[in-house]
Amino acid sequence: MKTILLGILLLPVCAFAVETNDCAAANQLVALYELRAVMLRSDTTSYDVDKFIDTKVDALREPLPSGGFRWVRWARPPGNPEYDKHGHTVAAVQGSGTDNFESSGDHIYAVRIAVPAKKTLFSGNNAVYVGTAHVRYVVNGRERTKDEAINNWMNPDTTHTIDLGTIADHVDMSLDSATAPKHVKQALIEIHLLKAAPEDDPANPNYDTIVMLRRIRTSFEPYTIDDEITKLDPNASFPVYHFVRDLRRADELMHSKKEEDHEKGEKLLRETLRRLR
């Protein structure tokens, strides 16, 4: 009987009918039942759960044929942003010519010219003469350009930032540079493309579902799946995941060769089955 009961509870869980006209709430509940069905499989790992949530969230964001998502917007991140970096070892001598090097990236809100403190992990850097920064960027399908003549020396551990005043879909930047004769190929300059951060658009009809799934993904407590379902459907208050997990644990203990574990398993089984009354 125990084996039969355990087998029945391991079957995929069906979504209960939702007596509501709130389509968003109904979609949330469907997503929760789908997730719990994945979690109830005996061979499911935490990787499988995370992968299911990530796939579901991406679908709710509505992928676009051209790439990206309909319901994801880009915003300036708080604090220190991520950035793409392209370094160049300067070979041109100031007064005799310049080096020109390029960098490109997507979803950029500013570009930063940097002369790092160190050229390598163990050696210091040298000053670089920076000429003109040429920025070409695309916003909503329209190309714009921004040239900034710096025409000055930049010492190691200094930066110069050019704010685009918008978030560009794509940026191409090139930079003219040179250094002193004695520092040829001993001076490093970098272009940093400061990246905007993706944010879920609250206007998305499935925004609340995405927030809920991401909250579950970062939770260290798997039993929260039952709590989330109960919030949306009080009639589904029975903690199915908790119940099945305890049954599995009881079965595992009862198959142990240790008498102590066997007794713990029997006790856990009795306590778990008592919840059905």
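The values are calculated or read from the model by the stated rules, or taken from the named source; none is laboratory data. Only a predicted model underlies this, so the values are computations on that prediction, with no experimental measurement involved. Ideal geometry is used to build each Cβ from the backbone, glycine not excepted, and the neighbour counts take in all protein chains shown. For accessibility, only protein heavy atoms count, side chains too; no ligands or nucleic acids. Shrake-Rupley method; radii C 1.70, N 1.55, O 1.52, S 1.80 Å.
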Problem - Computed lengthening from Glu221 to Ser256, 0.36 nm per intervening residue step minus Cα-Cα distance - result: 10.0 nm
Practice task
Step through the residues of segment 202-210 one at a time and calculate ³J(HN,Hα) from phi using the Karplus curve (6.51 cos²θ - 1.76 cosθ + 1.60, θ = phi - 60°), rounding each to whole Hz and writing x for Gly and Pro.
Solution key: x, 6, 5, x, 9, 4, 4, 5, 4
Handout entry: Members of Lys146/Lys185; Lys56/Lys231; Lys85/Lys119; Lys85/Lys118; Lys51/Lys85 lying beyond 18 Å, as alpha-carbon distances in this model show
Key = Lys146/Lys185; Lys56/Lys231; Lys51/Lys85
Handout entry: Whole-number accessible area per residue in Å² for segment 20-123, which is evaluated in the context of all protein chains at 1.4 Å
Key = 58 Å²
Fill in the blank from the handout: Candidate cut points under GluC sites (Glu not before Pro) in segment 30-122, DSSP loop plus at most 16 other Cβ atoms within 10 Å of their own Cβ, are Glu82
Practice task
May I ask you to compute the full-extension gain from Arg136 to Arg274, defined as 0.36 nm times their residue separation minus their alpha-carbon distance, rounded to one decimal in nm?
Solution key: 42.8 nm
Handout entry: Cβ-Cβ FRET estimate between Glu199 and Asn100, R0 fixed at 35 Å, reported to 0.05
Key = 0.50
